Amino acid sequence: MLELKKVSKAFDGLKAVKEVSLEVEADRITGLIGPNGAGKTTIFNLVTNLYKLDQGEIVFNSKIINGLAPERICEMGISRTFQLVKTFNNLSVEKNVVIAALLRNTRMNDAYEKAGEVLNFLNLYHHRDKYAKNLNLCERKRLEVARALATDPKLLLLDEVMCGLNPTEIKDVMKTIVNINKTGVGIFLIEHIMSAVMHLSEKIIVLNHGEKLAEGSSMEISKNPEVVKAYLGEEYSLVES
Amino acid sequence: MRKFDAGIFLIMLIFMLLYNSNNFVMGIIFQALLWAALAGSWNILGGFAGQFSIAHSAFIGIGAYTSSLLYIHLGVSPWLGMLAGAAISCMIGIFLGAICFKLKGHFFVLATLAFGQLMLIIAVYWRSLTKGSEGLSLPFNTGFLLMAFTNRLPYVIIAFLYLVLVISVTIYIDKSKLGYFLTAYREDDDAARIVGVNTFRARLLASGISSSLAAVGGTLYAQYMFYIDPINVFGINIAAQAPLIAIVGGLGTSMGPVFGAILILPLTQLLRAWVGGSLHGLHLIIYGVILIIVLFLIPEGLYPRFQQAFYRLIKREEKNAGTKKSVKGV
């Protein structure tokens, strides 16, 4: 459903993403992993056109979407969360979600109803009157997911939603992600917590230094010597060999 | 809360009628009402969307000059001139937005400052049209159709209705999609766009509404003074006054500008009347000191502070009523 064709992006000559091609299938969970600075978040920013790509093409449901305004891309069915949370902090939790729900609901009442449903689904309903800035990090990350879901996306991009959470909270988030996926929303997630990605994703894509290193099921990825080298360093693989 | 706002309006109305005989006080009330409305119109873009524009004087001036020129040269009623000014101002506001909304933060502020001063320069040097710094004097013919009166009360009533219009538009926007989108932009542009909000279009619309409302105030000012010159409507002090009142009263709140204007305008006028004669410029120094103290003590603005106090009062009363009831029940 989402396809990147030889996508490149450079910042002041530093190539953050080099000719990456990848495919994310509908109704599935796809993981994107790689060491820090591998270009994972840059890929998300290119898909949502917060960064303009230098080369390549991004195709979503057989339409070329690179160059479209972020709000148009959202309208086509791609929504996302941010690694550094960007909730509307001085607005109530409910209003945060209502703003997103207004995309597909013209009437204000319908938008509030939709927001209520989504907040319930993510277990935030009892916080609806609080300012977003008064939530803790875990709740604000859930709020970002709620806001993204309120736009009725076909594909949801999750950027490190589990970062900074404790093991119990991680289990809850994983359950939520599976539940979202069950409602027919494709999921493309960046995550550093390996056990979670391995467990959730049917397909994993590995990036290193802006290039695609490997792609496959979690079993294939964990056995791939290139991936092990990228994560644990050259010396480790030398010693092993 | 609506009752609270309506109450404020009622008190203002009573004051106006009470002081009808006193021209000085009526003058202050007119200025306060006019500036409350002007600051309110600035607040639509500046408060909700956080777009800190210093070009509001441009739209006030366009309103004042459009209606005055139409009246002087073509004999068009200022009421119609007011609408023409609002329409022109709306278009220029959208045009200015289309150029400046791509700029972020301080650069936006500077660009609007430059635009406001550009309008001042145009008004000074386009002598064939505006008579330059000499200014425009309106003929002293009175009548309702000419929006010119010998008594100050009609002006005060018109200014009052103008304020009610601005507040109504603000309250409507606050509860509509547009208001939601503008606040989303203020909080985070990227996050707003990513959930499908066209923040650029929302701000253009807000700029059009804000500018046309400012132009209405410009016409009213010209009709009240019977004279306008570039510095009086396009000047930097006019440009700074609107944001100042909105900030003192409470940014992005519907009634904030009213509170700001109720404090600031009587303060300037009374200070000038009391200490203006004794030492040149002293009233401005006292004015500045008072403003700094207010902003230091109440950074969130007067209106939110009043609102909190009002809520607390209601809660206490409800509590008292509640305990009484329970006593009865026993």
Checking a compactness column here: for chain B, what do you get for Rg(Cα) / (2.2 N^0.38 Å), N being the number of residues? 1.06
Largest first, what is the accessible-area ranking of B:Met12, A:Met198 with a 1.4 Å probe? A:Met198, B:Met12
Quarter of Cα convex hull surface for the stretch A:1-50, i.e. mean projection, nm²: 3.8
Could you check how many percent of all C-alpha pairs in the stretch A:43-149 are farther apart than 17 Å? 55
If the convex hull of the alpha-carbon atoms of the stretch B:1-120 is projected onto planes in all directions, what is the mean projected area in square nanometres? 10.0
So the angle from the long Cα axis of helix B:256-275 to the longest Cα principal axis of chain B, reported in degrees to the nearest 10, equals 60
Which whole-number percentage describes the relative contact order of chain A, with Cα contacts under 8 Å and a sequence gap of 6 or more? 26
I'd like the interface area for chains A and B: accessible area of each alone minus the complex, both sides summed, 1.4 Å probe, protein heavy atoms only. What is it in Å² to the nearest 100? 2000
Measuring from label point to label point, each 7 Å out along Cα→Cβ, what is the A:Tyr231 to A:Asn179 span in nm? 2.9
Env charge @ A:Ile221, Cβ radius under 14 Å, K,R +1 / D,E -1, value -1
Can you give me the P(r) profile for the stretch B:85-222? Cα pairs, bins 10 angstrom wide beginning at 0, each as a whole percent. 10, 29, 32, 19, 8, 1
Counting only other chains, and only Cβ atoms inside 10 Å, what mean value do you get across the residues of B:177-190? 4
With 22 Å as the limit, write out which pairs from A:Lys5/A:Lys52; A:Lys52/A:Lys114; A:Lys114/A:Lys141; A:Lys141/B:Lys177; A:Lys63/A:Lys154 have Cα-Cα distances beyond it, or answer none. A:Lys52/A:Lys114; A:Lys141/B:Lys177
q = 0.26 Å⁻¹: log10 I(q)/I(0) that the Debye formula gives for the stretch B:22-83, counting C-alpha atoms only: -0.99
For B:195-205, what's the mean count of beta carbons from other chains sitting within 10 Å of each residue's beta carbon? 5
Equivalent ellipsoid semi-axes, chain A, via Cα gyration tensor eigenvalues times 5, rooted, Å: 31, 21, 16
Contour excess over end-to-end distance, with Cα ends at B:Lys175 and B:Glu317 and 0.36 nm allotted per residue: 48.3 nm
Here FRET efficiency (C-beta to C-beta, A:Met76 to B:Ile298, R₀ 35 Å, nearest 0.05) is 0.15
Heavy-atom accessible area of chain A with neighbours in place, 1.4 angstrom probe: carbon+sulfur share in percent works out to 48
Cα centre as origin, Lys/Arg/Asp/Glu Cβ charges: chain B dipole, Debye: 940
Counting each pair of different Cα atoms once, what's the Kirkwood radius of the protein assembly as shown in Å, rounded to one decimal? 27.1
Return the carbon/sulfur percentage of the accessible area of the stretch B:180-241, one whole number, probe 1.4 Å, all protein chains in place. 57
Return one quarter of the surface area of the convex hull spanned by the alpha-carbon atoms of the stretch B:227-309, equal to its mean projected area, in nm². 6.5
Which GluC sites (Glu not before Pro) in the stretch A:198-234 pass both tests, a DSSP loop state and at most 15 other beta-carbon atoms within 10 Å? A:Glu202
Aspartates and glutamates with Cα under 17 Å of A:Lys18, excluding same-chain neighbours fewer than 8 positions away: A:Glu3, A:Asp54, A:Glu57, A:Glu211, A:Glu215
Accessible area (Å², per residue) of chain B, counting only protein heavy atoms and a probe of 1.4 Å: 47
Helix B:56-74 versus the longest principal axis of chain B: what is the Cα-based angle in degrees, 0 to 90, to the nearest 10? 50
If R0 = 30 Å, then A:Asn109 and B:Ala309, at their Cβ-Cβ distance, give a FRET efficiency to the nearest 0.05 of 0.40
Test item: Cα-centred dipole of the protein assembly as shown, Lys/Arg +1 and Asp/Glu -1 on Cβ, debye: 1640
So if we plug the beta-carbon distance of A:Leu84 and A:Asn120 into 1/(1 + (r/R0)^6) with R0 = 22 Å, what FRET efficiency do we get, rounded to 0.05? 0.25
Helix B:23-46 vs. chain B, principal-axis angle (Cα, 0 to 90°, nearest 10): 80
Roughly what would the spin-label model give for B:Leu10 and A:Lys6, points 7 Å off Cα along C-beta, in nm? 7.5
Just for the protein assembly as shown, what percent of DSSP beta bridges are antiparallel, to the closest 5? 60
Quick one: if you stick a label point 7 Å off each Cα along the C-beta vector at A:Asn36 and B:Lys102, how many nm between them? 3.6
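The values are calculated or read from the model by the stated rules, or taken from the named source; none is laboratory data. Keep in mind the model is a prediction, meaning the values are calculated, not measured. Every residue, glycine among them, receives a Cβ derived from its backbone with ideal geometry; neighbour counts consider all protein chains shown. Quick note on the areas: whole protein, heavy atoms, side chains included, nothing else; ligands and nucleic acids left out. Shrake-Rupley method; radii C 1.70, N 1.55, O 1.52, S 1.80 Å.
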